[in-house]
Structures are given as C-alpha cells and as structure tokens.
Amino acid sequence: MSGISRRNFIQITGGAAAVSTMGFSNILLAGKSAGNVVIIGGGVGGATAARYIKRADPAVNVTIIEPNANYYTCFMSNEVISGERSLDSIKFGYKNLESMGVKIVQDYASNIDAKKKHVVTKKSGNIAYDRCIVSPGVDFKWETIGGYDAEVAANQIPHAWKAGPQTALLHKQLQAMKDGGTVIIAPPPNPFRCPPGPYERACQIAHYLKNNKPKSKILILDAKDKFSKQGLFMQGWKKHYGYGTDNSLIEWVKGAEGGIIEGVNAKTNTVIGSVDEYKGDVINVIPAQKAGKIAFNAGLVNDKGWCPVNQQTFESTMHKDVYVIGDSSVASPLPKSGYSANSEAKVCAAAVVASLQGKPAGIPTLVNTCYSLITPDDGISVAMVYNFDGKKIQKVKGSGGLTPMDSSEAVRKREARYAHSWFNNITSDIFGG
Amino acid sequence: MKLNKKVLGLIVLGGLAVSGNSWAGTASALDLANTCAGCHGTDGNSTGPATPTLAGISSEYFKEAMLNYQDPEGRYSTIMSRIAKGYTEEEIDLMAGYFAKQKMNRPDQHFDKKQAKAGAKLHKKYCEKCHEDGGRSSEDDAGMLAGQWMEYLEFTMADFTGGKREMTKKMKKKVQKMEKDKGANAMNELIQYYGSQK
C-alpha cells in the first residue's frame, strides 16, 4: 500500500463499509492484513491466483467472488461428452482454498470502480480492494449467429464451451440420437478458448459413435480454413475414424468452402451456412468469443473485445491496480488455454504480492502444455516455454512444439496417460488438495 | 496516492530496465519451479498416475535429466525434450535446487503385497548399493524410487531394458544379472516394492 498507511487505509475502507449495507470490508479487515486482494472469477485463473498469493504471503486477505458453488473444468469435458468420464469428475469446489484462508463470496461481480477501488456485486454490496484480479473467462458474441442465444444454447443447441449442464446435455443428446444420425459441430473463428478443443471434441464424439452408432456422421462446419494440431488430428481421424474415405465418421468443411455459419433454426434443427443449410440430429454451435462481461462493464477491453495487459505483471493497461488473467487477457503468444491461465495466474500472483510489499515485479517465466485425446489410448500434445523480453512475452526459441507426426503407438499411449496425469495435477494445483 | 521516494525509485529503475534492448536477469527458482506444477504437481509432488514426482530428487539427477532431454541423441521422452529446450543451464540449476529441497509425499498406490515382498529382497540384493535406504534416498545420479509413481517406473524401466535409455555400467550389470537369475517378472516385483513404500 504505497503512500497510504495501514491506519489511514482502515479509516478509508471502514468508511466505505459503513456506507455499504453488507459491510464485507469489515470482515476483510478482521485479520492482520498485508493488503486486500479481490479476485473476480473462481475458474482456473482466479483459483490459481488465490492459492499462489496465499502460498507467497498468508497475511494477504484474498477474496474470490464467484457466482457458482462449483467449477467444472472445460479441459477433459470432451471426455464427459463421449461418456469416458463422469461430469462429477470435472467438478471442483473451493473447500481447500477456504482452508488456506481464502474467502469465497458466492455472488456475481457486476462492475469495478477503479477510482474508489471496490468491486460492485449483485447481493453483497461493494467489496474494497488494494489489488483486483479479473479472471472471468470468455463471453460469446451471440449476435454473430442468427437465431442463437443463451436460452437456445441451454436447452437445445448447446455450445458446451463452458463445462457444466451443457456438457451433460450434449452427452444426453448423443445417447438419444438414432444410429445413422448427423452430429454438427461448428467451431468458432479465432481467437477463442482452447484452440484444439473443437477437434478433440470431434474425436471424442467419433469414438463414441464408432462404438455405439457406427452409421452416424460428424459434420464439422468450421469458420476457419486451418486449425490447431491439424496435421495430427487429421492423421488420427484417418487412422481411427476413416477420414478421407466414403465411410468416414468425420467430414470437415473449411470456412472458404462453405463452413462459415450464419444462423441456426432451433425449430427445424438446422444450421444455416453461407452456402447451404444443414440438418443435424445433434448440433453443437460454438460461437465467436470475447472477454467476459465484467471486463466490458469495467472498461478493461480494447476495440477487439479483449483485455490488454502489461505482460510482466498482467496489470491492466486501462486501470491501475486491476489485473486481468486467463482467456480474457491479451497474453499472446500464449494461447487461451487452461495451462496458460494457470501459468499467467502464478506470474500475476507473484507480481501482486511484490507490489503489496512495495517490491519490484520479478521476471516472468511461463509454460503452456495442451493434451488432446484422439482415442482413450491415443494422445497428442503441444507445448511451449515462454519468457519475457523486457516488453512482452515471447516464445523461447527452440523449445516446444507438437508431438512428432511419426511417433509410435507406444508414445501415443504414454501421451494419453500423461494427459490424464496432467488433468489430476493441474486441478490439484488450481484448487488445492 | 502519494509516492514515497522508495517507490518512485523503483518506478524509475523499472523504466530504465524496460527501455533497454536486452532484458537481463533470470526468473527466480520458485517461479521457474511453479511452471512445472501443471504436470508434476505443486512443489513437484505429482498426484499421478504417470507423471513422476520431482520433490526430493537430487539436484544432480534433475540437472542431468534436463540436459539429456535437450540433447537430440539424449534421453528418450514424449514431451520433456520439447519442454527442456526452453531453459538455460542456469535456470535448470535453480529448478534443480528447488525440487531437491522439497519433501516428497509418497502416495497410496495399489500394489501386490506378495510381489512387493519379493521386490524388497530383490532391491536389497541388486539395487540397495546405489539406491540406498530402500530406494528412499536420491543422491548423486540416483533418482527417487521409493514412493515414485509405479506407472512412471514401468515406463522408465521399459526404456532402460528396451535400450531407449542408457543405463550406467553398474546398473546394466545388476539389471541383467537380476533378470537372468530371477526371470522376467523380477522388474515388476521391484516396481511393486517401490510403489508400496510410504
């Protein structure tokens, strides 16, 4: 708290608490405080940041504002869709964080007053902060797909791009579909959360269909002309799902060849493409994406709808003492992935603790690793190590890259085992336990 | 908010560092080690079942492994060769020091009691000389065996015996003798023993 003494700070925030009806600030000030950090969003970024701030300095008060009682990880949710794992296995609560002293406020953060330094919530009044970390994940550009909205997604044509009830719905729809049905997957344009995700989803659904409904088809109507891990995915589709033959379980239509979709008709279960209309028995539309709503409300976004940050600390370039991590932030060249959000959260946590202690921020180091499962025994990965060149994050030359195309079945099997180990380890690292 | 001299000084220094063409400095050992946690667990204690625990392994072993992964002719791996290439020797030293200082948690694993008992005897006879204290000690170039994830040990030993990873002369001699004397299941018995250790 540079420039404000602890006594002054108590007077200032104490005053705010008296005005607010719920008085959360009073609770925050009950312990011996080395500063108040309020985190918006209890997903991968938010929960990791909370845990790592507490690890670095237990005296810092850390509060997470999160509307849901549990978080369902998007990673491995494709295995829930195919029935390889249960929805419960990707569900995580906040008990372990609470036992570290992190305060969980189950509420919706609607805005940030960066001048008065408080977060505006729906039910809990204003919550004062010294540093605020915003990790809201993505929101959808519903307006880019005619006839599609949150209600249609929740009940009939799930995006399932935030794991939870829609993941379960998509799984149920596949189970109910007749053999010989068509599953349409419509991946979004760049940039979006989890670039290999839609194509892993196609693999997982194909795996389910191959074993249960082999006369069925998956039609991928893509907004793009190329995609993440494309060579490896197509190789896997050929090997396991007949890709390129008349009996292929998967057909991929690129954007330039009519893959771009303009709307859906929920009544007739039809996807309206720029060229043709496609009838599906199960439809999964993943809309174009932007930063989470709070980032727009709080004025943290650029004209492209994402949050620019100082890449050494993840502090917003729009508002002082407000940090943005995870999918909403502009962390390029890091992709919008779970591992990235976890890695960014640690850099941010260290920078926030340093800043509260009046110390300069350290030198960032980051990693991303993304596994995709083509079958339960065939895993592929992409990895990269990142450092900081004084101005921005950069890839470390010579590091990272994809699983080699010519890797053996034994290697692929190990990668699948490592994918599941990665899931176990990263979720423990995020939520504790 | 008033800025005191100290804070102002830091801002000026920070500004100078950022404006330079080259960014000098190395990330801290803690920050470097934290990047491994996504796969190897917080503080290097893996929650398994296949990625190995790094907590408590000797710094020499860690360093040798990472440098070997960087070498195209070096240690066989799925992903680690791609990741290891992202770090300088100085950074690897820092990580090695950090993980060596961490306490290993030995997880509950499913093991066959009878085989583990047989493995204990095999360990004493063939391995204890270098992998001391029942494989609980990781010193010099010896990795951590007791309480390590069994699936990882299976992968590793398959690589050693399949010629994908080079054994030291001493180890090769002992492993070959054990397999000759005790048969093909001896290695599995050893792994059951290490997995049973708490």
If A:Val275 satisfies every condition in (1) away from chain B (no Cβ under 13 Å); (2) of a type in the set (Val, Ile, Thr); (3) within 22 Å of the chain's Cα centre (by Cα) but one, which is the exception? (3)
A:Leu300: more than 10 Å from every other protein chain (Cβ to nearest Cβ), assigned to a loop (DSSP other than H, G, I, E, B) and either over 22 Å from A:Gly390 (Cβ atoms) or at pLDDT 95 or above (or both), yes or no? yes
Under 8 Å between Cβ atoms, at least 6 apart or on separate chains: pull out the pairs that start in segment A:397-422 with a residue that is more than 7 Å from every other protein chain (Cβ to nearest Cβ) and hydrophobic (A, V, I, L, M, F, W, C) and end on any residue that is surrounded by fewer than 21 Cβ atoms within 10 Å (Cβ to Cβ) and assigned to a helix (DSSP H, G or I). A:Leu402/A:Gly231; A:Met405/A:Gly231; A:Met405/A:Gln235
Give the residue, chosen from A:Ile393, A:Ile380, that is of a type in the set (A, V, I, L, M, F, W, C), over 24 Å from A:Val60 (Cα atoms), in contact with an Asp or Glu (Cβ under 8 Å, 6 or more places away or on another chain) and more than 9 Å from chain B (Cβ to nearest Cβ). A:Ile380
Just checking: which of the strands (runs of 3 or more DSSP E) contained wholly in segment A:316-433 hold 1 or more residues that are under 28 Å from A:Ile127 (Cα atoms)? A:322-324
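Against the condition in contact with a His (Cβ under 8 Å, 6 or more places away or on another chain), over 14 Å from B:Ala27 (Cβ atoms), polar (S, T, N, Q) and at pLDDT 95 or above, how does A:Thr369 come out, does it pass? Break it down into steps so the answer makes sense when it comes.
Details: in contact with a His (Cβ under 8 Å, 6 or more places away or on another chain): no; over 14 Å from B:Ala27 (Cβ atoms): yes; polar (S, T, N, Q): yes; at pLDDT 95 or above: yes.
The answer is no for A:Thr369.
Just give me the residues in segment B:45-81 being in a helix (DSSP H, G or I) and among the hydroxyl-bearing types (Ser, Thr, Tyr), in sequence order. Even if it seems obvious, please write down each step before you answer.
Going through segment B:45-81, the residues in a helix (DSSP H, G or I) turn out to be B:59-70, B:80-81.
Hits for segment B:45-81 are B:Ser59, B:Tyr61, B:Tyr69, B:Ser81.
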Would you be able to say whether some residue in segment A:146-160 is in a strand (DSSP E or B) and either in the same structural domain as A:Gly255 (by TED's automatic domain parsing) or touching a residue at least 12 places away in the same chain (Cβ under 8 Å) (or both)? yes
Any residue at all in segment A:361-380 that's aromatic (Phe, Trp, Tyr) and surrounded by fewer than 24 Cβ atoms within 10 Å (Cβ to Cβ)? no
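Only one of A:Val353, A:Val385 is at the interface with chain B (Cβ under 7 Å from one of its Cβ atoms) and at pLDDT 95 or above; which? Steps first, answer last, please.
Numbers: A:Val353 fails: at the interface with chain B (Cβ under 7 Å from one of its Cβ atoms).
Sole residue among the options that is at the interface with chain B (Cβ under 7 Å from one of its Cβ atoms) and at pLDDT 95 or above: A:Val385.
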Restricting attention to segment A:318-335, the residues that are touching an Asp or Glu at 6+ places or on another chain (Cβ under 6 Å) and either of a type in the set (A, V, I, L, M, F, W, C) or surrounded by fewer than 24 Cβ atoms within 10 Å (Cβ to Cβ) (or both) number exactly 2
Which condition from (1) farther than 30 Å from A:Ser408 by Cα; (2) of a type outside the set (Phe, Trp, Tyr); (3) assigned to a loop (DSSP other than H, G, I, E, B) is the one that B:Met144 breaks? (1)
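The values are calculated or read from the model by the stated rules, or taken from the named source; none is laboratory data. Computed from a predicted model, the values in this text were never measured in an experiment. Every residue, glycine among them, receives a Cβ derived from its backbone with ideal geometry; neighbour counts consider all protein chains shown.
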